[in-house]
């Protein structure tokens, strides 16, 4: 199996060979790549074949040539991101990369649930990030044009032959705590002040403080049987606000997740057994940090991201794609 973390020279050779690539790396190495059939986002955090790693010298590589009958690379902005579903191939999948902290990041998170046909064909991908100790800006790259952006998204639409099908999978080790009260919010937002806890109105910041809630445990919400996380970014008691890594939605019910005793061990034992390697995978930087995954094997190989895309914006999950035979 080809190694996933490669040098600039090795990746440049793949590009010059015309390979279709999904890449991830620090902007200083991605800036050196030639034009070609690739998309990329910035991050220096990875799950390699062996362990969690931090590197600003290597590039994570997914070669997407197997089971591809066509492809196209397109950029999107706040005005046209809702067209991404219309631009997909009927039988295929889309890898979407969005820069963290951009308006498009929040727009996609808030409005993707309403995109026409959002669940008809897999849209997966990730939110690009930075070295957390740096002043860098997250970027995406369109290898076809050679352009980088901190405001737009880039998508690689893949068409597959009729005898193959893409299956998007989401691994979430967090489950709602049955002892947690139901928490509801008054608006769709990344920042909240007020909430209702079992129908009683509270300041959410005060509730977190009074109940001594560990904010490493996310809020969870049931979407037709699938558990989605909303992770708490920061509690500002003075301002009375709670900032989130993904939005909460009015009309939905949330519960806090069951606290994990051993994060990395829980992740490792939750991994599915696979006969073949996933065609694509990414894992959340919060899993990497809270689970102290650097130097540990916990997850499929892939970039460590500032948010995952599994149709919608996700937090504290691992998303991956399997290519299967059509029966």
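Residue 119 meets the conditions (1) more than 18 Å from the chain's Cα centre (by Cα); (2) not in a strand (DSSP E or B) in every case but one. The failed one is (1). Taking the stated definitions as given, is residue 315 in contact (Cβ under 8 Å) with a residue 24 or more places away in the chain, touching a strand residue (DSSP E or B) at 6+ places or on another chain (Cβ under 9 Å) and farther than 25 Å from residue 38 by Cβ? So residue 315 passes the test. Condition test on residue 108, is it under 17 Å from the mean Cα position of the chain (by Cα) and either assigned to a strand (DSSP E or B) or modelled with pLDDT of 95 or more (or both)? Here the answer is yes, as residue 108 does meet what is asked.
Could you say whether any residue in the range 43-66 is in contact with a strand residue (DSSP E or B) (Cβ under 8 Å, 6 or more places away or on another chain), touching a residue at least 40 places away in the same chain (Cβ under 8 Å), closer than 17 Å to residue 151 by Cα and buried (at least 17 other Cβ atoms within 10 Å of the Cβ)? Taking every residue of the range 43-66 in turn, at least one turns out to be in contact with a strand residue (DSSP E or B) (Cβ under 8 Å, 6 or more places away or on another chain), touching a residue at least 40 places away in the same chain (Cβ under 8 Å), closer than 17 Å to residue 151 by Cα and buried (at least 17 other Cβ atoms within 10 Å of the Cβ). Looking at the structure I just gave you, is residue 107 in the same structural domain as residue 46 (by TED's automatic domain parsing) and over 11 Å from residue 42 (Cβ atoms)? Yes. Criterion applied to 92, 125, 129 was being farther than 20 Å from residue 169 by Cα and in the same structural domain as residue 287 (by TED's automatic domain parsing), and the one residue passing it is 129. Only a single item in (1) within 25 Å of residue 36 (Cα to Cα); (2) touching a strand residue (DSSP E or B) at 6+ places or on another chain (Cβ under 8 Å); (3) modelled with pLDDT of 95 or more is not met by residue 80, and it is number (2). When 239, 246 are checked against the criterion of being closer than 25 Å to residue 103 by Cβ and out of contact with any strand residue (DSSP E or B) (no Cβ under 9 Å at 6 or more places or on another chain), 239 stands alone in meeting it.
So, residue 56, is that one touching a helix residue (DSSP H, G or I) at 6+ places or on another chain (Cβ under 7 Å) and part of a loop (DSSP other than H, G, I, E, B) or not? Yes: the conditions hold for residue 56. Among the residues of the range 215-239, those identified as in contact (Cβ under 8 Å) with a residue 24 or more places away in the chain, under 18 Å from residue 203 (Cα atoms) and in a strand (DSSP E or B) are 219, 230, 232, 235, 236.
Tell me, which residue of the range 294-327 that is buried (at least 24 other Cβ atoms within 10 Å of the Cβ) and at pLDDT below 90 is farthest from residue 118 (Cα to Cα)? Result: 298.
Of all residues in the range 159-205 being part of a strand (DSSP E or B) and without any contact (Cβ under 8 Å) to a residue 40 or more places away in the chain, which is surrounded by the most Cβ atoms within 10 Å (Cβ to Cβ)? Checked the range 159-205; the qualifying residue surrounded by the most Cβ atoms within 10 Å (Cβ to Cβ) is 195. When you look at residue 137, is it surrounded by fewer than 21 Cβ atoms within 10 Å (Cβ to Cβ) and either in a loop (DSSP other than H, G, I, E, B) or touching a strand residue (DSSP E or B) at 6+ places or on another chain (Cβ under 6 Å) (or both), yes or no? Yes.
The values are calculated or read from the model by the stated rules, or taken from the named source; none is laboratory data. A quick note: this is a predicted structure, and the numbers were derived from the prediction, not measured. No Cβ is skipped: glycine too gets one built from the backbone with ideal geometry, and neighbour counts run over all protein chains shown.
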